[in-house]
Amino acid sequence: MPQGEMDKRELIVKRVAQELRDGYYVNLGIGTPTLVANYIPAGMEVVLQSENGLLGVGPYPLEGQQDPDLINAGKETVTEIPGCCYFSSADSFGMIRGGHVDLTVLGALEVDEKGNLANWAIPGKMLKGMGGAMDLVAGARRVIIAMEHTTKEGKPKILKKCSLPLTGVEVVDLIVTELAVMEVTPEGLLLREVASGTKAEDVQRVTEPRLRIAPGLKTIAV
């Protein structure tokens, strides 16, 4: 693989962490995005928010130090940072819907060239509901998708048009995969960075829409 021995998810979340800024309030979605909490740059103050009512989420706890009463929205045990606070889910969603979240990082089943996102439903499979994703993509100031570039079968997840039920329309700003970093623009997807050992044509081969190549295409540095 282009990233050598590095785990795909680790490469993705390390690159996403570079998009964080001092003073940001950030919501991390269930799955791969939650790992971003472990890679916040040293000395940077980022406050993580969870839909179930915790502001000030810390990294995952060490083995044996888990508190079963301290969990995130994905029911995973977490830690807390000094100054954290707890509140109701209603207040948490008031924060999200009120536009007080600077950035949200979410996973995806499909994303298309218009920035449409599908990340909650697969036809024929049992559903628990959309959850907070629809509120996050509508209320957060910036939306980053952190996901593997293709399905387990090797089919593109970045499409000309999403085929699954949408979570939000034209809401995605940036897509980060183990192969590339792509910005959603009015002219289509702009390929900004590629993984080490990967060429633009390699990314295009597993991406359905035609990619625009940024001048001075960079290598993902993590």
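Take every DSSP beta bridge whose two residues both sit in the chain, then give the antiparallel share in percent to the nearest 5. List each step's numbers first, then the result.
Numbers: 19 of 37 bridges.
Taking every DSSP beta bridge with both residues in the chain, the antiparallel ones total about 50 percent.
Would segment 141-198 count as rounded, prolate or oblate if I go by the C-alpha gyration tensor, calling it rounded below 1.5 in a/c and otherwise prolate when a/b exceeds b/c, oblate otherwise?
On the way: a/c = 1.80, a/b = 1.16, b/c = 1.55.
Here segment 141-198 falls in the oblate category.
Residues of the chain: accessible area per residue at 1.4 Å, in Å²?
Values: 11300 Å² over 222 residues.
Per residue, the chain has an accessible area of 51 Å².
In terms of the Cα gyration tensor, with a ≥ b ≥ c the square roots of its eigenvalues, is segment 106-180 rounded because a/c is under 1.5, prolate because a/b exceeds b/c, or oblate? If you can, show how the numbers build up before the last one.
Values: a/c = 1.63, a/b = 1.06, b/c = 1.54.
Since a/c reaches 1.5 but b/c is at least a/b, the shape of segment 106-180 is classed as oblate.
Using amide H atoms built 1.01 Å from N in the peptide plane, name the residues 5+ places from THR185, or on other chains, whose amide H lies under 5 Å from its own.
The list, which skips near neighbours in sequence, is LEU190.
List the residues, sorted by chain then number, that are 5 or more residues from ALA180 or on another chain and whose placed amide H is less than 5 Å from its amide H.
Counting only residues 5 or more places away or on other chains, the set is ALA195.
Take the solvent-accessible surface of the protein heavy atoms, probe 1.4 Å, and return the percent of it on the chain that carbon and sulfur atoms account for.
That fraction is 52 percent.
Which of the trypsin sites (Lys or Arg not before Pro) across segment 188-222 are loop residues per DSSP, with 10 or fewer other Cβ within 10 Å?
Details: sites: ARG192, LYS199, ARG205, ARG210, ARG212, LYS218; in loops: LYS199, ARG210.
Qualifying residues, ordered by number: ARG210.
Taking the alpha-carbon centroid of each part, what is the distance from segment 85-116 to segment 17-41 in angstrom?
Here the answer is 13 Å between Cα centres.
Going by the alpha-carbon gyration tensor, a ≥ b ≥ c the square roots of its eigenvalues, is segment 1-79 rounded (a/c under 1.5) or, if a/c is not under 1.5, prolate (a/b greater than b/c) versus oblate? Don't skip to the end; give the middle numbers.
Working: a/c = 1.91, a/b = 1.30, b/c = 1.46.
In terms of gyration-tensor shape, oblate.
For segment 1-64, what is the relative contact order in percent, using Cα pairs closer than 8 Å and at least 6 residues apart in sequence?
Values: 66 pairs, mean separation 18.9, N = 64.
It comes to 29 percent, rounded to a whole number.
Cα axis of helix 8-17 to longest principal axis of the chain: angle in degrees, 0 to 90, nearest 10?
70 degrees
What residues qualify as long-range amide H neighbours of ASN27, i.e. H under 5 Å apart, gap of 5 or more or another chain, H built at 1.01 Å from N?
GLN49, LEU103, THR104, VAL105
The values are calculated or read from the model by the stated rules, or taken from the named source; none is laboratory data. Computed from a predicted model, the values in this text were never measured in an experiment. Counting neighbours? That spans all protein chains shown, and the Cβs are built from the backbone with ideal geometry, glycine included. When the accessible area is computed, the model is the full protein with side chains, heavy atoms only, and any ligands, DNA or RNA have been set aside. Shrake-Rupley method; radii C 1.70, N 1.55, O 1.52, S 1.80 Å.
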